[in-house]
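The values are calculated or read from the model by the stated rules, or taken from the named source; none is laboratory data. Remember, it's a predicted structure, so these values are computed and weren't measured experimentally. Cβ sites come from the backbone with ideal geometry, for glycine too, and all protein chains shown count toward neighbours. Side chains are part of the model used for accessible areas, which takes the heavy atoms of the whole protein and leaves out ligands, DNA and RNA. Shrake-Rupley method; radii C 1.70, N 1.55, O 1.52, S 1.80 Å.
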Amino acid sequence: MSRLDVDFCVDERARWRSIDALLLRRGRFTGPDFEPGEDVARVLREHVRVLVVGAGGLGCELLKGLALSGFTTLDVIDMDTIDVTNLNRQFLFRAEDVGKSKAETAARRVRERVRGCAVNAHHGRIEEKEDGWYKQFDIIALGLDSLEARAYINAVCCGFLDYDEDGNVDPATIKPLVDGGTEGFKGHARVIVPGMTPCFNCTMWLFPPQTTFPLCTLAETPRNAAHCIEYAKLIQWPAERYGETFDADVVEHMTWVYTKALKRAETFGIPGVTYAHTQGVTKNIIPAIPSTNAIIAAACVIETLKMATMCAKGMNNYMMYVGTDGVYSHTVEYERDPSCVVCSPGIAHALNANATLEEFMASIVAAYPDSLAEPSVSFGGKNLYLRGVLESEFAENLNKPMIELMNGRKEGLVVVNDKKMKKTSMRLRLSLK
Ligand SMILES: [Zn+2]
């Protein structure tokens, strides 16, 4: 054995000492199904595949954290290129990387810095990948800043779920998600185990529409600088510059709103109207805080490690962090929405015993006009009716009784897709009486 080999071995043992402390022995916080030992450490290092969605502020932190926690096969997907304004917090990027792919650059930097960690980059939109592509990963970690993208991945993963006749989920079809999100000094980390815990869609109500101020407050009782800026933009601009559309990228427009807001603030004795704040309010810019990203990503990495190894009980199921006035954090257990169209075993739907497929489709369109217009229907993995180019092939099913199409069953889970719902499927537990 050469000197180099010796160093390497010693280094390799020492390298994972902190993680081994969690994996090689039982402790007070280990989960009930946890089997400590070399096997679990090997599974983590050799078999677990994690996909990181997003290579921005959270994504960089997630990749770094996962690579340093013993995960050795990572994939990262992001469609963005690096902007100079990213460099203060997206620490895997350098000035010479501006204009390059975030996913590719982040993957390369982690590969360079963390020996033995393979990171595969995918530069492109998440929608470009087929649903099946997401199946190859054991855990998907989300470092996104858009609700739409979260809802999309959530729908893809919930689409894998298979329930039995009693509404019990087949564990093999569960694709767990760990979701992080930050906004200024606030953030959240959550664990989504589709079919077990609430999915993203179950708790859509958590994300209220963007904050807007009541117009009466702006007009009558402004209390802060933002109120004055909104007043200048929403009320003074259309009144005094009738016919012109406010463009936040035109300096003259921004200066005009700033000047008006400042005057109004002075009238009411309100401090804090600055040009930068005016830009922030009118463009709805929320500053990205590197430390918030680091805290939230760390929580997500720990949850991913727990899920991969069972070395501790997972978070149940939503942690919020507020760093505005000190350090506040709180974990709450959100509950599943039993009628969630994305993850529930099925919404009860009854029809008479000899109803045909055509009658069934008419009845569901009538029952869910907001979600359905031209449904495609499948049962037990078999298509009963498809829209589009193949539609004519299914025409003969239209007049067949549902009970026949459901192989003589009087009850079953029918999956409905419709362009109106975009990516989500509706699950209906149909009973024929
Ligand atoms: Zn749900």
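Here are a few things to note about the model shown:
- One chain, two ends: residue 11 and residue 358. Fully extended at 0.36 nm per residue, the span grows by 118.2 nm beyond their Cα-Cα distance.
- Nitroxide proxy distance, nm - points 7 Å out along Cα→Cβ at residue 335 and residue 146: 3.4
- Part-to-part distance (alpha-carbon centres) for the range 64-130 and the range 394-433, which is given in Å: 43
- With contacts taken as Cα pairs under 8 Å and at least 6 residues apart, the chain reaches a relative contact order of 15 percent.
- Accessible area (Å², per residue) of the range 237-286, counting only protein heavy atoms and a probe of 1.4 Å: 62
- Cα radius of gyration and Dmax for the range 160-228 (Å): 19.9, 59
- Charge dipole (debye, nearest 20) of the chain; +1 at Cβ of Lys and Arg, -1 at Cβ of Asp and Glu: 960
- In the assembled protein chains, residue 43 presents an accessible area of approximately 60 Å² (probe radius 1.4 Å).
- Heavy-atom SASA rank of 193, 178 (probe 1.4 Å, accessible area, largest first): 193, 178
- Percent antiparallel among DSSP beta bridges (both partners in the chain, rounded to 5): 60
- Our Cα-only numbers for the range 206-315 put the radius of gyration and Dmax at 20.2, 64 Å.
- Approximate shape of the chain as ellipsoid semi-axes (Cα gyration tensor, √5λ), whole Å, largest first: 41, 37, 20
- Gain upon complete extension [residue 183, residue 24; 0.36 nm per residue less C-alpha separation]: 53.5 nm
- In terms of accessible area, using a 1.4 Å probe and ignoring ligands and nucleic acids, 406, 320, 196, 310 rank largest first as 196, 310, 320, 406.
- About the centre of its Cα atoms, the range 215-282 shows a dipole size close to 220 debye [charges on the beta carbon of Lys, Arg (+1) and Asp, Glu (-1) only; nearest 20 debye].
- In loop segments of the range 150-244 as defined by DSSP, the trypsin sites (Lys or Arg not before Pro) with at most 16 further C-beta atoms inside 10 Å of their C-beta are 223, 241.
- Within the range 228-341: Cβ-based charge dipole about Cα centre, in debye rounded to nearest 20 (Lys, Arg +1; Asp, Glu -1): 140
- Calculated from backbone phi, Karplus (6.51, -1.76, 1.60) coupling profile of the range 268-273 in Hz, x at Gly/Pro: 9, x, 9, x, x, 7
- Taking all protein chains together and rolling a 1.4 Å probe, residue 337 ends up with roughly 60 Å² accessible.
- Under the Debye formula (equal points on every Cα, no solvent term), log10 I(q)/I(0) of the range 347-432 at q = 0.15, 0.18, 0.19, 0.20 Å⁻¹: -0.47, -0.70, -0.79, -0.88
- Per-atom-type breakdown for the range 56-171 gives carbon and sulfur 46% of the accessible area (1.4 Å probe, protein chains only).
- Integer Hz, Karplus 6.51/-1.76/1.60 couplings in order for the range 285-298, x for Gly and Pro: 7, 10, x, 8, 9, x, 5, 5, 4, 5, 5, 5, 5, 4
- By a 1.4 Å probe calculation restricted to protein chains, residue 235 has an accessible surface near 50 Å², given to the nearest 10.
- A 1.4 Å probe over all protein chains sorts 20, 138 by accessible area into 138, 20, starting with the largest.
- Computed FRET value (nearest 0.05) for residue 164 with residue 135, which takes r as the C-beta separation and R₀ as 22 Å: 0.65
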